[in-house]
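The values are calculated or read from the model by the stated rules, or taken from the named source; none is laboratory data. None of these values were measured; they are calculated from a predicted model. Cβ placement follows ideal geometry from the backbone for every residue including glycine, while neighbour counts extend to all protein chains displayed. Ligands, DNA and RNA are stripped out before the accessible areas are found, and what is left, the full protein with its side chains, is counted by its heavy atoms. Shrake-Rupley method; radii C 1.70, N 1.55, O 1.52, S 1.80 Å.
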Amino acid sequence: MAATFLPFFGLFLWTVVTVILGISGIYESENFYKLYPALWIPAIPMTIVFTCLGIPIVRKGVASILDITPAHWLVFFQAGRISAIGTLYHTLQGTFPLYFEVIVGIPDLCFGLSALAMGILTMQRKIRSQTLIIWHIVGCIIIVPTAPLLLQLGLPGSWQIFVEQPTAQIVYKFPMSLAPTLVVPTFVIFNLLAVWQEQRILKRRLQHSYHYPGGKLPN
């Protein structure tokens, strides 16, 4: 169980790093924009977590935690994406890029709202694992790869297409910089962990059905 803290410790270290970079203004520098940051910065927390899961003892520990975690907890966690209403407000105020809000922000907000209904239905056991898997995958697709690509197309450099003010540079001003570098990738990480959880549940059901006399589970 102690090994399961490795990915959390890695995320903690990255949180410290990204906060320092944000406060120091490095995320707003021209040299930073030359690195095409939107394409790879969001992958850092995801890489930390899933690299740790590549270690058998860590993977086993995390799996054991997921086994005792109610599915609706992971669904309700996604309700945190309702915080996207903040970017909607700023868009209406003219201080956040409209193109990004329309393509990513509003769908993300809608997904967060859907988590409330999905969570209640999951608690009532009215949602099948297959449906949950599809729902969590949709949550991933809203962000990956659309959000990083659109952000990059709004940053200074050879890829910039969206030049109308405000541009995507506003996203890398602290504390908003925590969204693309930590918060949003964390939601995607939990989407993927939930998909893994439901796949393992389906696999166990299939094995149990296969070994049960008659090949079917009792009603």
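Ranking H72, H208, H136, H90 from most to least accessible surface, computed with a 1.4 Å probe over the protein chains only, gives H208, H90, H72, H136.
If one computes P(r) from the Cα atoms of the chain, what percent of pairs lie at distances over 32 Å? It works out to 26 percent of all Cα pairs.
Mind listing which trypsin sites (Lys or Arg not before Pro) in the range 113-174 are in a DSSP loop and have 10 or fewer other Cβ atoms within 10 Å?
Those that pass, being in a loop and sparsely packed, are R125, K126.
For the range 20-79, the pair-distance distribution built from all alpha carbon pairs, in bins 10 Å wide starting at 0, is 17, 29, 27, 22, 4 percent. For the chain, the per residue solvent-accessible surface stands at 56 Å², with DNA, RNA and ligands left out and a 1.4 Å probe. Note on the chain: with neighbouring protein chains present and a 1.4 Å probe, carbon and sulfur make up 72 percent of its accessible heavy-atom surface.
Counting alpha carbon pairs within less than 8 Å and at least 6 residues apart, what relative contact order, in whole percent, applies to the chain? The normalised contact order for the chain reaches 30 percent.
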